[in-house]
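Visitor: Sending over a structure as structure tokens; questions will come in a sec.
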Amino acid sequence: MAREIRDITIIGAGPAGLFAQFYAGMRGATAQIVDALSEPGGQLTALYPEKYIFDVGGFPKILAKDLVRSLVEQAAQFGQPVHCNQRVIALEEADGIFTLVTETDRFPTRAIVVAAGIGAFAPRRLPQPVAEQWYGRGIHDRVSDPAAFAGQHVVIIGGGDSAFDWAHQLRGRAASVALIHRSDRYRAHAATVAEVHAAAAAGETLLHPFHELHDVIAEDGRIVALDLKDIKAKSTRRIRADVVLPMLGFVSDIGALADWGLQVENDEIVVNSQMETGRAGVYAAGDINTYPGKLKLIATGFGEAATAVNQAVHHIYPEKKVNPGHSSNLAIFGQKDD
Ligand SMILES: Cc1cc2nc3c(=O)[nH]c(=O)nc-3n(C[C@H](O)[C@H](O)[C@H](O)COP(=O)(O)OP(=O)(O)OC[C@H]3O[C@@H](n4cnc5c(N)ncnc54)[C@H](O)[C@@H]3O)c2cc1C
């Protein structure tokens, strides 16, 4: 699909990328984000949506998912797109225009802000080889439509926030919900763990600590049950299953970014104080970059995103100042532009 050339394309919809998107709009630049995940928020959405953050300016405490919601709202006020499910796998450059290439699309752009955090996330897959052939045919590591599981026997594997959130949310919709975990120590939010324990005590959810997948039982090409192994007693038991949801966290990989002629050290892109990478028109902000004194924090990423975008705007339009002035004076917000 031929897309419009945007001024700035941001790789990554984590906090640094979302703030960069806002900032680009504020500077009057056209922008877009491409992210490998199915929803914005980066590590906050993928790893700790239910945790409080205490060290972001202006919020004595805020849930990670609420900070993401505010960042998305702030970025969205200029109507610039966020393209999810788009993992950047290559960078091309011709006639002064970059093109970021994903598996399904191409995004032409005049400048790039790499805000790729710790790299592109992919759901961690079940280690048992027997599971592999059932991915997409009964085993799903992403839930896009919970209504699809109505009346089904659902087995969730994992002990973190996603596993517990889905155990909680599917109870009452699915015919049954079972939660399998290798231990009885759970990483999920304490309140959700307590809710699922209460549901288990009431017989509404099946909780199987110290168990792991042993075998997939199928009839007529569809999953009908799982054999679970009790890793303490070494025994096996069979439970009904139509759908299996492995919620085992994510693995990340900076992948193609390492091959773009940037200076990469320990999976981090070296930048100077202007967030320049050494390749003209390519900037980096947030956890992906490094420089002397670097702090990997959300607050730091915001500042770096602003610096990167202001430099990118000046690079594309040299007549525009690097320094934007104060937002409280900007005409774009309906204020007097002085
Ligand atoms: C458990 C935990 C708790 C934390 N608590 C705090 C805290 O209290 N305070 C604090 O300041 N920080 C905290 N952090 C750190 C904070 O989450 C990070 O500093 C922050 O997320 C970095 O933001 P980012 O936008 O740079 O990158 P990320 O949040 O990592 O986002 C990067 C995005 O880029 C995308 N991406 C990467 N590669 C590609 C590619 N090739 N193509 C397309 N998309 C790609 C990824 O999918 C991801 O969505 C915590 C981290 C963890 C793990």
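The values are calculated or read from the model by the stated rules, or taken from the named source; none is laboratory data. Owing to the predicted nature of the structure, the values given are computational and were not obtained by experimental measurement. Reconstructed Cβ throughout: ideal geometry from the backbone, glycine too, with neighbour counts over all protein chains shown. SASA here: full protein model, heavy atoms, side chains in, ligands and nucleic acids out. Shrake-Rupley method; radii C 1.70, N 1.55, O 1.52, S 1.80 Å.
Visitor: Show the residues, 5+ positions off or on another chain, whose built amide H is closer than 5 Å to the amide H of residue 124.
Guide: Those qualifying (amide H under 5 Å, at least 5 residues apart or on another chain) are 248, 249, 250, 251.
Visitor: I need the chymotrypsin sites (Phe, Trp or Tyr not before Pro) found in region 50-134, filtered to DSSP loop residues with at most 10 other beta carbons within 10 Å of theirs. Don't jump to the answer; show the numbers that get you there.
Guide: Numbers: sites: 52, 54, 78, 98, 121, 134; in loops: 54, 78, 134.
Listed in order of number, the matching sites are 54.
Visitor: Rounded, prolate or oblate: which fits region 288-338, taking a ≥ b ≥ c as square roots of the Cα gyration tensor eigenvalues, rounded meaning a/c under 1.5, else prolate when a/b beats b/c?
Guide: On the way: a/c = 3.45, a/b = 1.69, b/c = 2.04.
It is oblate, given that a/c is not under 1.5 and a/b is not larger than b/c.
Visitor: Compute, for residue 93, the solvent-accessible surface of its heavy atoms (probe 1.4 Å) with the complete set of protein chains present, and express it in square angstrom to the nearest 10.
Guide: Near enough 100 Å² of accessible area.
Visitor: If the only charges are +1 at each Lys and Arg Cβ and -1 at each Asp and Glu Cβ, what is the size of the charge dipole of the chain around the Cα centre, to the nearest 20 debye?
Guide: Working: 32 positive and 39 negative charges, 142 e Å.
Computed about the Cα centre, the dipole is about 680 debye.
Visitor: Carbon-plus-sulfur fraction of the accessible area of region 1-136, 1.4 Å probe, in percent?
Guide: Heavy-atom surface of region 1-136 belonging to carbon and sulfur, 1.4 Å probe: 52 percent.
Visitor: OK, next. Which FRET efficiency, nearest 0.05, do residue 103 and residue 4 yield, Cβ-Cβ r, R0 30 Å? Please list the in-between numbers first.
Guide: Details: r = 20 Å, r/R0 = 0.68.
Taking R0 as 30 Å, the efficiency between residue 103 and residue 4 is 0.90.
Visitor: Placing +1 on the Cβ of each Lys and Arg and -1 on the Cβ of each Asp and Glu in region 125-248, which of 180, 211, 131 has its Cα farthest towards the positive end of the resulting dipole?
Guide: Result: 211.
Visitor: Same structure again: So, R0 is 41 Å and r is the distance between the beta-carbons of residue 267 and residue 73; what FRET efficiency does that work out to, to 0.05? Walk me through the numbers before you get to the answer.
Guide: Values: r = 31 Å, r/R0 = 0.75.
Step by step, r from the Cβ atoms, then E = 0.85.
Visitor: Which of 65/321; 296/321; 61/229; 65/234 have a Cα-Cα distance over 30 Å?
Guide: Working: 65/321 34 Å; 296/321 28 Å; 61/229 41 Å; 65/234 39 Å.
Those over the limit are 65/321; 61/229; 65/234.
Visitor: What number comes out for the charge environment of residue 210, summing +1 per Lys or Arg and -1 per Asp or Glu over other residues with Cβ under 13 Å away?
Guide: Working: positive: 182, 185, 229, 232, 234, 237; negative: 184, 212, 230.
Combined, the nearby Lys, Arg, Asp and Glu give +3.
Visitor: With all protein chains present and a 1.4 Å probe, how do 149, 302 order by accessible area, largest first? Intermediate results must be reported in sequence, preceding the final value.
Guide: Values: 149 20, 302 40 Å².
Largest accessible area first, the list is 302, 149.
Visitor: Hey, got the dipole for region 125-248? About the Cα centre, +1 on K and R Cβ, -1 on D and E Cβ, debye to the nearest 20?
Guide: Numbers: 15 positive and 15 negative charges, 52 e Å.
Here the size comes out at about 240 debye.
Visitor: Which residue, 221, 159, 236, has the largest displacement toward the positive end of the dipole of region 125-248 when charges sit on each Cβ (Lys, Arg +1; Asp, Glu -1)?
Guide: With unit charges placed on the Cβ atoms, the residue in question is 236.
Visitor: If you don't mind, there's one more thing I want to ask. State in Å² the accessible area per residue of region 34-90; use a 1.4 Å probe, count heavy atoms of protein chains only, and round to the nearest integer.
Guide: Details: 2910 Å² over 57 residues.
Heavy-atom accessible area per residue stands at 51 Å².
Visitor: So, one more: Any idea of residue 206's accessible area? Nearest 10 Å², probe 1.4 Å.
Guide: About 80 Å², ignoring ligands and nucleic acids.
Visitor: Any idea how far apart residue 227 and residue 210 come out in nm if each label point goes 7 Å out from Cα toward Cβ?
Guide: A separation of 2.1 nm, rounded to one decimal place.
Visitor: Also: Given the protein chains as shown and a 1.4 Å probe, how many square angstrom of residue 238 are accessible, to the nearest 10?
Guide: Surface accessible to solvent at residue 238 totals approximately 150 Å².
Visitor: Using a 1.4 angstrom probe with every protein chain in place, what is the largest-first accessible-area order of 326, 315?
Guide: Working: 326 130, 315 80 Å².
Solvent-accessible surface, decreasing: 326, 315.
Visitor: What relative contact order, as a whole-number percentage, does the chain give when Cα pairs under 8 Å and 6 or more residues apart are counted? Display every interim value, and only then the final one.
Guide: On the way: 722 pairs, mean separation 65.0, N = 338.
Relative CO of the chain lands at 19 percent.
Visitor: Right, something else. What length, rounded to one decimal in nm, is gained on full extension from residue 175 through to residue 65, with 0.36 nm per residue of separation minus their alpha-carbon distance? Walk me through the intermediate numbers first.
Guide: Details: separation 110, 0.36 × 110 = 39.60 nm, distance 2.89 nm.
Working it through step by step, the gained length comes to 36.7 nm.
Visitor: Using heavy-atom solvent-accessible surface (probe 1.4 Å) with all chains present, what is the largest-first order of 141, 95, 267?
Guide: Details: 141 35, 95 155, 267 95 Å².
Highest to lowest solvent-accessible surface, that is 95, 267, 141.
Visitor: Moving on. Determine the per residue accessible area of region 125-248 with all protein chains present and a 1.4 angstrom probe, expressed in square angstrom.
Guide: About 50 Å² of surface per residue is accessible.
Visitor: Another question, if that's okay. Work out which helices of the chain, taken as complete DSSP H runs, extend at least 24 Å along their axis over the Cα atoms and score a mean Kyte-Doolittle of 0.5 or more, then list them. The partial results should precede the final answer.
Guide: Numbers: long enough: 298-316 (27 Å, 0.53).
Both cut-offs are met by 298-316.
Visitor: Moving to a separate point now. Applying 1/(1 + (r/R0)^6) with R0 = 30 Å to the Cβ-Cβ distance of residue 92 and residue 122, what FRET efficiency is obtained, to the nearest 0.05?
Guide: Values: r = 23 Å, r/R0 = 0.78.
The calculated FRET efficiency here is 0.80.
Visitor: Note down the Stokes-Einstein diffusion coefficient of region 125-248 in µm²/s, whole number, using a Kirkwood radius over alpha carbon pairs, 20 °C, and 1.002 mPa s. Can you show the working numbers first?
Guide: On the way: Rh = 14.3 Å.
For the chosen part, D equals 150 µm²/s.
Visitor: Also, I was wondering about something else. Distance in nm between label sites at residue 182 and residue 331, each 7 Å beyond Cα in the beta-carbon direction?
Guide: 6.0 nm
Visitor: Hey, another quick one. Find the Rg to Rh ratio for the chain, where Rh is the Kirkwood radius over alpha-carbon pairs and Rg uses the same atoms. Spell out each step's value before the answer.
Guide: Numbers: Rg = 22.8 Å, Rh = 21.9 Å.
Computed over Cα atoms, the ratio is 1.04.
Visitor: Any idea which of 79, 23, 121 is furthest toward the positive side of the dipole for the chain, if Lys and Arg beta-carbons carry +1 and Asp and Glu beta-carbons -1?
Guide: Selected residue: 121.
Visitor: Report the full-extension gain for the segment residue 291 to residue 190: residue separation times 0.36 nm, less the Cα-Cα distance, to one decimal in nm.
Guide: Result for the pair: 32.7 nm of gain on full extension.
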